[in-house]
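Reviewing the structure listed below.
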Amino acid sequence: MSRQLFGTDGVRGRAGEFLTAELAVALSRATVELGDDPHPQVLIVRDTRESGDMLEAAIAAGVTAAGGDVLLGGVLPTPAAPLLVRRHSLQLAAVISASHNPYEDNGIKFFAADGFKLSDETETAIENQMDSDARQPDRIGRVRQLHGALEDYLRELHTRFQSLDLSGRRVLLDCANGATYRAAPEIFRRLGAEVEVIADQPDGRNINDGSTHIDKLTETMSRGRYDVGFAFDGDGDRVLAVDSEGQIVDGDELVAIAAVHLKASGYLAGGGVAVTVMTNYGFHTAMEAAGIEVAITAVGDRYVNEELRKRGWRLGGEQSGHVIDLGFGPSGDGIASALLTLEALGGGDLCERGAMDKLPQRLVNIRASSRGKLNAAMETATVQQAIGAADVELAGRGRVLVRASGTEPLIRVMVEAPSLEETERVCAQLSSAVERALG
């Protein structure tokens, strides 16, 4: 029977309580048992959370108990895992990270031999396998270090962006005390930039002063003469930017900048981009003007990725800062996305980007006491009537989106309207309806 452990981005929850060592062993063992290779080579990487060591050991135990061999990559950005899987012809990678969640949480997500995340169907099969009797392998696997893993990842970045000359550029990086704290400053320096770094002293608990908490970057930018700033999240698959005037540039704008650049360069495969239902209304207007087709998916970078592969397209992303460029790698990569942005600017200033005009947007996260209450609240007449009224009011001028989070016990209320005043008013009305439904 399925336990419904997997969310939109792997298995995630409070480390030691929900995500225990026992669960990590069972997950990794079941994943190996379902594979075609009885003795797969499995890479494990992690972010800087204090629970990472425990879960790394547990996953290694599960893999080796099922007959697989483990290669430990240590602390690396999540996007390094699929690149290394391909580079070393491995069969599987396990990434230990809860991305933007607080340090008390952790997560496990798997990448297949092709570098892509496992499908929903495969994840369901893994959960079912956990309820079956464990297979007895003909041998126990081994564990060893993958030496040079960080340098392998940096080499992939340098090869892709070797023509990007950042000499004379003063760049500020916020590494969120997370998985990018070594890789990001190093590749920017190799490309010639003058780099200053904040939040690059991880202690196991200070992760995620980055792309979801960007105030520190904007504050530091205001005190210095920086050309551009980039903030990464804890596992390094997302990035947000701040221009020289202190304005935040989100994932919608970063995708727009990259799309226009790649189309002009003749490298926008398929002539389209894939984005989620959260993407700003202004993005769609800008892409229509640029002659770029847009496909819309559910929230989650995995769904953007699946849509790109289905259509044979190259570029997509999310407002939150996931930018997927399949021309470089099979997953979102915050560092590569930052470099792609600078490549697209061609030496210009980010504050003069002009890729799209954003509608004012308001996003409110309303917490529920349990995940079970989320769907019930969403189905109430109170919430549905409020959504319907807002849709009618903003028809053709903006939009609303009310949805349950796939990673946290939250209902997210998002409103876009022509004016900030109208945006705030409609959002307050919807939020009030959701709060009443949640009790």
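The values are calculated or read from the model by the stated rules, or taken from the named source; none is laboratory data. Everything quoted here is computed from the prediction, not taken from an experiment. Methodologically, a virtual Cβ is constructed for each residue, glycine included, from the backbone with ideal geometry; neighbour enumeration extends over all protein chains shown. For the accessible areas, the whole protein counts, side chains as well, though only heavy atoms, and no ligand, DNA or RNA atoms are used. Shrake-Rupley method; radii C 1.70, N 1.55, O 1.52, S 1.80 Å.
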Worksheet entry | Accessible area in square angstrom per residue, the chain, 1.4 angstrom probe | 40 Å²
Worksheet item: Using 1/(1 + (r/R0)^6) with R0 = 25 angstrom and r between the beta carbons of GLN201 and GLU17, what's the FRET efficiency to the nearest 0.05?
Response: 0.40
Response to the item:
If unit charges are put on Cβ atoms (+1 for Lys and Arg, -1 for Asp and Glu) and the dipole of the chain is taken about its Cα centre, the option from GLY396, ALA15, GLY354 lying farthest towards the positive end turns out to be ALA15
Response to the item:
Quick calc, the range 342-412, dipole around Cα centre from Cβ unit charges on Lys, Arg (+) and Asp, Glu (-), nearest 20 debye, gives 380 debye
Response to the item:
Options (1) 136; (2) 149; (3) 259 are given for volume of the Cα convex hull per residue in Å³, and the computed one is (1)
Worksheet item: Just how far, in whole angstrom, is the range 274-347 from the range 45-109 if you go by their alpha carbon centroids?
Response: 25 Å
Item to complete: Can you list which of the GluC sites (Glu not before Pro) found in the range 374-439 are DSSP loop residues with at most 12 other C-beta atoms within 10 Å?
Response: GLU379
Response to the item:
Computed, not fitted: 222 nm per-residue ellipticity of the chain from DSSP H runs ≥ 4 (each -39500 (n - 2.57)), nearest 500, equal to -11500 deg cm²/dmol
Discussion item. So if I place +1 on the C-beta of Lys and Arg and -1 on the C-beta of Asp and Glu, and nothing else carries charge, what would the dipole magnitude of the chain be about its Cα centre? I want it in debye, nearest 20.
Written reply: 320 debye
Worksheet entry | Cβ-based charge dipole, the range 6-138, positive-most Cα from VAL63, LEU83, VAL45 | LEU83
Discussion item. How far apart, in nanometres, would the label points at ASP349 and SER432 be if each is projected 7 angstrom from Cα along the Cα-to-Cβ direction?
Written reply: 4.3 nm
Worksheet item: Once you have the alpha carbon radius of gyration of the range 103-177, what is it after dividing by 2.2 N^0.38 Å, with N set to its residue count?
Response: 1.75
Worksheet item: In the neighborhood of ASP227, defined by Cβ-to-Cβ distances under 14 Å, what is the net charge if each Lys or Arg adds +1 and each Asp or Glu adds -1?
Response: -3
Discussion item. Students sometimes get this wrong: rank ASP215, ASP152 by accessible area, probe 1.4 Å, all chains present, largest first.
Written reply: ASP215, ASP152
Worksheet item: Charges only on Cβ, +1 for Lys and Arg, -1 for Asp and Glu: so what's the dipole of the range 165-212 about the Cα centre, in debye to the nearest 20?
Response: 120 debye
Worksheet entry | Fluctuation leader among THR407, THR48, THR380 - the chain, Gaussian network, Cα springs under 10 angstrom | THR380
Response to the item:
Taking protein heavy atoms only, a 1.4 Å probe, and rounding to whole percent, the accessible area of the range 333-429 owed to carbon and sulfur comes out at 49 percent
Worksheet, complete the sentence: Counting Lys and Arg as +1 and Asp and Glu as -1 over every other residue whose Cβ sits under 9 Å from the Cβ of ASP69, the net charge comes to +2
Worksheet entry | Computed over the range 159-201, Cα set: Rg, Dmax in Å | 10.5, 30
Response to the item:
Of the candidates PHE116, LEU150, ILE387, the farthest towards the positive dipole end of the chain (Lys/Arg Cβ +1, Asp/Glu Cβ -1, centred on the Cα centre) is PHE116
Practice prompt. Would you look at the GNM of the chain, springs on alpha carbons closer than 10 Å, and say which of GLY347, GLY329, GLY141 moves the most?
Written response: GLY347
Response to the item:
Listed residues GLY178, GLY62, GLY246; largest mean-square fluctuation, Gaussian network over the chain with Cα springs below 10 Å, found at GLY246
